[in-house]
Amino acid sequence: QFASMRESTYGNHWNGGSLYNFTGLLGRGAFATVYRIQTKKEGDLYAAKELDKRRFIKNGVLDLKFDSELNIMKNLKHPNIVNYIDCHNYQHWIYILMEFVPYGELAQQLRNRGAIPEADVQQIAKQILHALDYLHRRNITHRDIKPDNILIASLNPLIVKLSDFGLSKCVTDQETFLKTFCGTLLYCAPEVYPDYGNYTQGSGPKRRRGLGEAASKPPPSPYDQSVDMWSFGAVIFHLLCGKPPVTGRGDDRGAQMLNNIMTKEVDFEPLRQEGISEAAVDFIARLLNRNPASRPKEAECLQHPWLRDVPDNCNYDDVEEPLA
Ligand code: ATP
């Protein structure tokens, strides 16, 4: 039944060749469809991300960034990062084979159940910090830390994995860019916004752009790994109280969010109203610092009173040191 649905919806795509069977649809994102696949021989499960390569073509050739992102993913091995296994080309499709992560996204948990208990968030925070430390020590910035990109690998003990490395930023069509930009806005550090300078130089915004115009301009560069630390803080805020630190409403949601993040201090009351500890509030406040240079790094976060006595659910003994 699944096979026929797939064929009627997508035509004759890769069918797993002699090695894999497609056994389910895991979900669709803005630029990819992800299937569950199973090895024919051992029955091992994997996830296959299907991308249309035509969307990564710039000036008639496949964007080199795309290849380099795949190479980055291939070389990462960490208990809290989704493991990349292999890659298959089929006509204009590419299939990125990854470790299968069975319990879905943290974003889904937030939608279904609202805030997550503080003890669980402490565990999640610790694991994401380990993953970020691993990436940042290799000079890799994730740039899209959000609950949608944190997958749950195990419920007891709780283990999460960071997914979705920079491929989304290789998409060349504007529509997809805007869609992903809007979702990401909630967790995005202020300095990433295209017109950040207009807000920081002088008393207030000189010009206010709508989201479309702002998003169509590339962000200033270089902006460094501290953008991940802001996003990480924003995600922890959201997990603890069920609301992101910055919001906007109605049709003008994107522009409002943008304005709020540029001009308003983050309000920590929603955390206190949920009975969240002061240690957690202090931890997040340090991360949601407008000055990127003042945001703590991973090692400092792991030593913060909110986390330092939390036991590790994962074994990091085999994690390799980066090459010098
Ligand atoms: P986005 O829309 O955020 O840019 P995308 O288009 O790359 O992302 P994803 O959100 O990564 O698509 O994936 C689509 C769905 O597949 C999501 O619901 C996600 O939970 C699921 N998924 C992705 N990777 C895996 C995996 N390794 N194991 C299990 N499910 C996965």
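If a residue has to be touching a Phe, Trp or Tyr at 6+ places or on another chain (Cβ under 9 Å), more than 7 Å from the ligand (Cβ to nearest atom) and open to solvent by 50 Å² or more (accessible area, probe 1.4 Å) to count, how many in the range 17-34 make the cut? Total satisfying the criteria: 1.
Of everything listed in (1) open to solvent by 10 Å² or more (accessible area, probe 1.4 Å); (2) not in a loop (DSSP other than H, G, I, E, B), the single unmet condition for residue 249 is (2). When every residue of the range 87-97 is checked against the conditions, none turns out to be β-branched (Val, Ile, Thr) and not in a strand (DSSP E or B). Within the range 193-214, identify whether any single residue is open to solvent by 60 Å² or more (accessible area, probe 1.4 Å), charged (D, E, K, R), at pLDDT 75 or above and not in a helix (DSSP H, G or I), and answer yes or no. Looking for residues that are open to solvent by 60 Å² or more (accessible area, probe 1.4 Å), charged (D, E, K, R), at pLDDT 75 or above and not in a helix (DSSP H, G or I), one finds none in the range 193-214, hence no. Checking the stated criteria, residue 138 turns out not to satisfy the condition of being under 22 Å from residue 300 (Cβ atoms), touching a residue at least 40 places away in the same chain (Cβ under 8 Å), open to solvent by 20 Å² or more (accessible area, probe 1.4 Å) and within 14 Å of the ligand (Cβ to nearest atom). For beta carbons closer than 9 Å, sequence separation of 6+ or different chains, a first residue in the range 108-119 that is within 16 Å of the ligand (Cβ to nearest atom) and a second that is open to solvent by 70 Å² or more (accessible area, probe 1.4 Å) and modelled with pLDDT of 95 or more, the qualifying pairs are 109/103.
Residue-wise test of (1) part of a helix (DSSP H, G or I); (2) modelled with pLDDT of 95 or more.
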{"position": "243", "(1), (2)": "no, no"}
{"position": "271", "(1), (2)": "yes, yes"}
{"position": "286", "(1), (2)": "yes, yes"}
{"position": "290", "(1), (2)": "no, no"}
{"position": "305", "(1), (2)": "no, yes"}
{"position": "314", "(1), (2)": "no, yes"}
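Selection of the range 72-103 for residues being touching a Phe, Trp or Tyr at 6+ places or on another chain (Cβ under 9 Å) and aromatic (Phe, Trp, Tyr) yields 84, 90, 93, 95, 100. On the basis of being modelled with pLDDT of 95 or more and either assigned to a helix (DSSP H, G or I) or not hydrophobic (A, V, I, L, M, F, W, C) (or both), does residue 126 make the cut? Yes; evaluated as a whole, the condition is true for this residue. Does the range 35-45 contain at least one residue that is within 15 Å of the ligand (Cβ to nearest atom), over 30 Å from residue 313 (Cα atoms), surrounded by 13 or more Cβ atoms within 10 Å (Cβ to Cβ) and in contact (Cβ under 8 Å) with a residue 60 or more places away in the chain? Within the range 35-45, none of the residues are within 15 Å of the ligand (Cβ to nearest atom), over 30 Å from residue 313 (Cα atoms), surrounded by 13 or more Cβ atoms within 10 Å (Cβ to Cβ) and in contact (Cβ under 8 Å) with a residue 60 or more places away in the chain.
For the range 288-319, residues that are in contact (Cβ under 8 Å) with a residue 60 or more places away in the chain and surrounded by 11 or more Cβ atoms within 10 Å (Cβ to Cβ) total 16. When restricted to residues that are at pLDDT below 95, part of a strand (DSSP E or B) and in contact with a Lys or Arg (Cβ under 9 Å, 6 or more places away or on another chain), the range 16-46 contains 10.
The values are calculated or read from the model by the stated rules, or taken from the named source; none is laboratory data. The shown structure was predicted, so the numbers you read here are calculated from the model rather than taken from an experiment. Note that each Cβ is placed from the backbone with ideal geometry, even for glycine, and that neighbours are counted across all protein chains shown. Ligands, DNA and RNA are stripped out before the accessible areas are found, and what is left, the full protein with its side chains, is counted by its heavy atoms. Shrake-Rupley method; radii C 1.70, N 1.55, O 1.52, S 1.80 Å.
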